[in-house]
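Everything below concerns the one structure shown next.
The values are calculated or read from the model by the stated rules, or taken from the named source; none is laboratory data. Everything quoted here is computed from the prediction, not taken from an experiment. Cβ placement follows ideal geometry from the backbone for every residue including glycine, while neighbour counts extend to all protein chains displayed. Please note that ligands, DNA and RNA were not included when accessible areas were found on the heavy atoms of the full protein model with its side chains. Shrake-Rupley method; radii C 1.70, N 1.55, O 1.52, S 1.80 Å.
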Amino acid sequence: MKRGTDLITDLWYKNAVVYCLSVESFMDSNGDGVGDFRGLMRRLDYLHGLGVTAIWLMPFQTSPGLDDGYDVSDYYGVDPRFGTLGDFVEFTHGAKQRGMRVLIDLVVNHTSNEHPWFKAARSDPKSPYRDWYIWSKKKPANANEGMVFPGVQKTTWTRDEEAKEYYFHRFYEFQPDLNTANPKVQAEILKIMGFWIQLGVSGFRMDAVPFVISEKGADIEGKPKEHFEMLRQFREFLQWRKGDAIILAEANILPKDDMKYFGADGDRMQMMFNFQVNQSLFYALAVADIGPLAKALEETKPEYPTAQWGLFLRNHDELDLGRLTKPQRQQVFDAFGADKSMQLYDRGIRRRLAPMLKGDRRRLELAYSLMFTLPGTPVIRYGDEIAMGDDLELPERNCARTPMQWSNDPQGGFSSADKTFLPVISDGAYGYPTTNVAEQRRDPGSFLNWMERIIRMRQETPEIGWGDFEIIDTREPGVLAMRYVWRGNAVLLLHNFNAEGRTVKFRSKVQEGEPDCLVNLLSDDHSDVGKDGRHRVTLEPYGYRWYRVGALDYVLKRSEM
Ligand code: NOJ
């Protein structure tokens with residue numbers, strides 16, 4: 001039988017630029033204070049103009065909305081607050097017309113406790129749905145372990161008065177875990193994927209993958225077994241239905257386990273978020289030490305050509321620093337979230353990127369330049385392209401989920417309602433009167449225009465998405481130098497994490513016979529090799545460089561080939 005990888009028809013995701021948004025917070029078309037698909041459709045040209053090639057929609061299916069839609073009560077419908085299935089199809093069509101693909105969240109580790117499956121399961125022990133969830137007559141001994149939201153979530157087993165049993169929930173108690181080992185549940189998961197594929201999506205961001213494949217139950221002792229074969233099943237099904245569809249897994253795992261998720265011969269997940277690099281990147285930004293980042297990059301080098309990392313800075317959750325050592329974590333807290341109100345779940349920071357970096361344009365550019373040049377596919381979070389801020393008055397992760405700021409009209413142009421689902425940020429440096437799309441669109445030097453330009457450049461350097469990288473030693477602990485090669489072309493990237501300028505010397509490793517020149521892709525200060533066979537580049541505080549390796553005419557000739 002053919003392996004999953006033999007079926008893949010297009011590796012589009014390797015050079016994509018993904019933009020993550022929630023329909024709820026993007027654009028409200030009907031004035032009810034909640035974003036909707038019609039509003040989103042009006043903004044498709046904006047996303048296209050920015051250079052986005054794939055949109056990742058956070059959950060929009062019917063849901064009580066207690067965990068921002070990650071508590072689904074109907075997998076086959078659009079929550080009426082956001083529109084109808086018809087609107088959804090109009091949206092995927094509109095995206096396709098503009099050459100943008102759509103990925104959607106697939107939240108199948110758990111359902112909402114309002115889901116009819118759970119209602120049926122709890123009300124009747126003989127219900128065919130009883131075994132779709134995980135039950136225990138007695139409170140399991142480990143009920144107070146493994147909470148994902150410590151400080152907010154008290155237990156992983158809650159007694160259901162109707163069922164008169166305890167049910168397992170890895171997340172909040174209104175999110176009962178599905179019994180994913182049950183073949184009927186697995187078949188339903190495939191059906192859900194098949195449904196949305198049919199409606200035009202190109203794949204899924206699969207929520208909480210390690211928990212989906214983990215053995216679940218009251219009697220489990222020690223580390224639960226993981227059913228990796230499930231991943232192959234998901235992938236195969238997808239690719240049989242649509243050759244170029246992918247799964248982007250949310251799996252915050254250790255590097256030693258990466259290949260178990262990608263599959264040793266690439267037959268499991270096509271993409272995963274690189275949490276290891278994310279955390280060490282923030283450490284590097286905080287203390288100007290690239291040591292752990294370089295280590296994370298080496299340790300997470302994918303070993304199979306179809307496997308790809310999703311690279312992100314901040315997402316809709318807290319910045320999880322749980323994989324750093326305690327002193328490292330403390331240094332990141334000190335730099336970016338010293339106040340307790342900025343921290344969450346004993347392990348992370350809940351702020352948006354711009355306020356973490358104190359709105360310092362140099363540091364923002366450095367961070368994004370890194371996100372666009374580290375190995376993988378960049379995933380932008382809505383609002384980050386205009387350096388939106390957060391509202392720490394809002395509870396938990398909501399502080400970084402406020403409505404998109406389009407203009408200096410009331411409610412930031414997001415909605416005509418007097419009250420929006422979460423307040424629009426209206427005061428201070430990050431308030432909509434100063435931070436908004438319309439203003440930045442008009443200003444050629446704005447962050448938005450910088451972002452558009454860097455996205456264009458990323459699209460023009462496929463070496464990063466496709467190629468092999470090596471880290472070049474510059475002997476500067478706060479400077480990262482990387483070189484990518486793909487199909488005979490090479491690019492070289494420099495990033496200075498220091499608040500002071502740095503001069504670095506290095507070899508470009510140009511191919512034999514090529515002129516040793518580094519062509520600056522973002523300005524015209526190119527670099528010629530010195531007599532000692534090395535390049536010497538002076539980087540500004542937080543400065544960065546994108547070079548193509550080889551002389552200009554040589555590079556042009558090559559790109560035409
Ligand atoms: C991970 C999601 O990113 C998070 O927002 C959510 O709360 C949990 N999974 C539960 O679905």
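For the reader, a short list of remarks on this structure follows.
- Neighbourhood charge, 11 Å Cβ-Cβ cut-off, centred on C20 and excluding it, Lys, Arg +1 and Asp, Glu -1: +1
- Tilt relative to the chain, helix 85-97 - C-alpha long axis, 0 to 90 degrees, to 10: 20
- Between the Cα long axis of helix 447-459 and the first principal axis of the chain there is an angle of about 80°, rounded to the nearest 10.
- Label point of L85 set 7 angstrom out along Cα-Cβ; within region 187-205, amide nitrogens under 18 Å from it belong to 188-202.
- Ordered by solvent-accessible area of protein heavy atoms (1.4 Å probe), largest first, the residues Y19, Y76 come out as Y76, Y19.
- For K505 and R361, the difference between the fully extended length at 0.36 nm per residue and the C-alpha to C-alpha distance is 49.2 nm.
- Within the same chain, aspartates and glutamates fewer than 8 places from K126 are excluded, and of the rest, those with a Cα less than 17 Å from its Cα are D160, E161, E162, E165.
- Per-residue SASA entry for E476, accessible area with 1.4 Å probe, Å² rounded to 10: 50
- When both region 192-259 and region 21-83 are represented by their alpha-carbon centers, they are found 23 Å apart.
- Test item: Cα-centred dipole of region 119-277, Lys/Arg +1 and Asp/Glu -1 on Cβ, debye: 300
- With 25 Å as the limit, the listed pairs K96/K260; K14/K191; K14/K256; K14/K96; K340/K419; K138/K340 have K96/K260; K14/K191; K340/K419; K138/K340 beyond it between alpha carbons.
- Averaged over residues, the count of other Cβ atoms within 10 Å places the peptides 327-340, 458-471 in the sequence 458-471, 327-340, highest first.
- Electrostatic tally near A387: other residues with Cβ closer than 12 Å to its Cβ, Lys and Arg +1, Asp and Glu -1, net 0.
- Short-range pairs are left out: with C-alpha atoms under 8 Å and at least six residues apart, the relative contact order of the chain is 12 percent.
- Links that overshoot a 21 Å alpha carbon limit, given the list K154/K216; K301/K358; K184/K216; K119/K184: K301/K358
- Carbon/sulfur fraction of accessible area - the chain, other protein chains in place, 1.4 Å, %: 49
- Spin-label model, D427 to A141: label points 7 Å out along the Cα-to-beta-carbon direction sit 5.3 nm apart.
- Accessible surface for the chain, divided over its residues, is 40 Å² per residue with a 1.4 Å probe.
- The calculated 222 nm mean residue ellipticity attributable to helices in the chain amounts to -8000 deg cm²/dmol, summing -39500 (n - 2.57) over DSSP H runs of n ≥ 4 and dividing by all residues.
- V537, V287, reordered so the largest accessible area comes first (probe 1.4 Å): V287, V537
- On Cα atoms only, tilt of 229-241 relative to the major axis of the chain in degrees: 80
- Separation in nanometres of the label points that stand 7 Å from Cα toward Cβ, at T9 and Q330: 5.6
- Among 359-366, 199-206, the peptide with the highest mean count of other Cβ atoms within 10 Å heads the list, and the full ranking is 199-206, 359-366.
- Charged neighbours of Y283, selected by a Cβ distance under 15 Å, balance to +3 (K, R count +1; D, E count -1).
- As a calculated quantity, the FRET efficiency between N398 and V529 at R0 = 56 Å, using C-beta atoms, amounts to about 0.60.
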